[in-house]
Amino acid sequence: MIEVKNLVKRYGNHLALDNVSFTIEKGEVVGFLGPNGAGKSTTMNIITGYLSSTEGEVLVDGLSVLDNPEKAKQRIGYLPEIPPLYTDMTVNEYLSFVCDLKKVPMSKKAEMITKITKQVRINDVRKRLIRNLSKGYKQRVGIAQALIGDPELLILDEPTVGLDPKQITEVRDLIKNLSEEHTLIISSHILAEVQAVCDRVIIINRGRIVATDTPDNLAKTAVKSNKLELRIKGPKNDVLNGIAQLPGVQFAEIVRIREEGAVDVNVETEENADVREAIFNFCSENRYPILMMKTSEVNLEDIFLQITGEREAKRA
Ligand code: ADP
Ligand code: MG
């Protein structure tokens, strides 16, 4: 669906994109992840034809965005970092205007606007001036604008930035729904943001792609030691020593006591060792009830730092 080939973008002397290439298949939901200034918006602006690249090309369904901007743009709905809203218009007026820009036939306009305003839940504010809407509503008007013309591909640049937690949840739910019917690219500098919805994550840092994989695989490959959190009822030292001696356990420590008579133990295991059954058997033989056992949540933030950090170290 999209082929990005060897994009280079210079702003004067500043190299914003340094040979960026990737492809996105039809139906994929891809997270484009990187810290501020990494080059996400620049890449998205080039894919959507709003910005020209210094070198390289972008093909949308085989069409060069540069040579066939109209046809390529028809296939793409774009929510830029700052949505292009005309705040002195009502939602209805604005969406009608976008229909005209995207050459939606007169006969289909009303139906399309009704369908989309329902879909993104801005039905109740259609007659309000955009400038009087809350930030969450404005963002949904921005998404509505991207949906006009039924584009197959949606590109959303940091769609939840600046929203409050409730609005973030609403926009995330909306994106989740959209992901069922669209090829989707969502940029973000927050890992959790893309983790939940994306099939694949492309990580960009300082204008270069540093990794691309499924969120799960990124988690697996980057985490070198497994961590378990336990709460076990029994004598503190016996529990700790017993667990520390199990095969596969690299390290065990008591982190706190939350419930009387029970200890919270964090365990680190050797790579690929699964010690959960051994822990169960040990506790069961000694009649120490296990009150809790869970694998520590893998924090993608750590993975991100690890991946970008390693590359930096190699280059240095
Ligand atoms: P991101 O969206 O990942 O935060 P951007 O694509 O906006 O990153 O920016 C990438 C780099 O290019 C940054 O260092 C930014 O300062 C620079 N940059 C972006 N737009 C311009 C511009 N119009 N002129 C000069 N430099 C720019
Ligand atoms: Mg940006």
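The values are calculated or read from the model by the stated rules, or taken from the named source; none is laboratory data. These numbers come from a predicted model, not from an experiment. Glycine also receives a Cβ, built like all others from the backbone with ideal geometry; neighbour counts cover every protein chain displayed.
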What are the residues in the range 42-63 that are surrounded by 16 or more Cβ atoms within 10 Å (Cβ to Cβ), within 16 Å of ligand 1 (Cβ to nearest atom) and of a type in the set (A, V, I, L, M, F, W, C), if any? 44, 46, 47, 58
Given (1) part of a helix (DSSP H, G or I); (2) under 30 Å from residue 43 (Cα atoms), identify the lone condition not met by residue 242. (2)
Within the range 51-63, is there a residue that is modelled with pLDDT of 95 or more, in the same structural domain as residue 114 (by TED's automatic domain parsing), of a type in the set (Val, Ile, Thr) and within 14 Å of ligand 2 (Cβ to nearest atom)? no
Just checking, does the range 1-16 include any residue being in a loop (DSSP other than H, G, I, E, B), more than 16 Å from ligand 1 (Cβ to nearest atom) and surrounded by 14 or more Cβ atoms within 10 Å (Cβ to Cβ)? yes
Taking the range 151-166 and keeping only residues that are farther than 18 Å from residue 47 by Cα and either surrounded by fewer than 18 Cβ atoms within 10 Å (Cβ to Cβ) or of a type in the set (Asp, Glu) (or both), one is left with 161, 162, 164, 165, 166
For the range 249-278, which positions are in a loop (DSSP other than H, G, I, E, B) and not β-branched (Val, Ile, Thr)? 258, 259, 260, 261, 270, 271, 272, 273, 274
Would you call residue 166 farther than 30 Å from residue 275 by Cα and either assigned to a helix (DSSP H, G or I) or more than 16 Å from ligand 2 (Cβ to nearest atom) (or both)? yes
For the range 17-28, which residues satisfy the criterion of being surrounded by 14 or more Cβ atoms within 10 Å (Cβ to Cβ) and either outside the structural domain of residue 196 (by TED's automatic domain parsing) or within 18 Å of residue 153 (Cα to Cα) (or both)? 22, 24, 27, 28
Quick test of your reading of the structure: residue 66 fulfils all but one of (1) in a loop (DSSP other than H, G, I, E, B); (2) within 13 Å of ligand 1 (Cβ to nearest atom); (3) out of contact with any helix residue (DSSP H, G or I) (no Cβ under 7 Å at 6 or more places or on another chain). Name the failing condition by number. (2)
Scan the range 81-104 and give yes if some residue there is in contact (Cβ under 8 Å) with a residue 60 or more places away in the chain, assigned by TED's automatic domain parsing to the domain that holds residue 190 and not in a loop (DSSP other than H, G, I, E, B), otherwise no. no
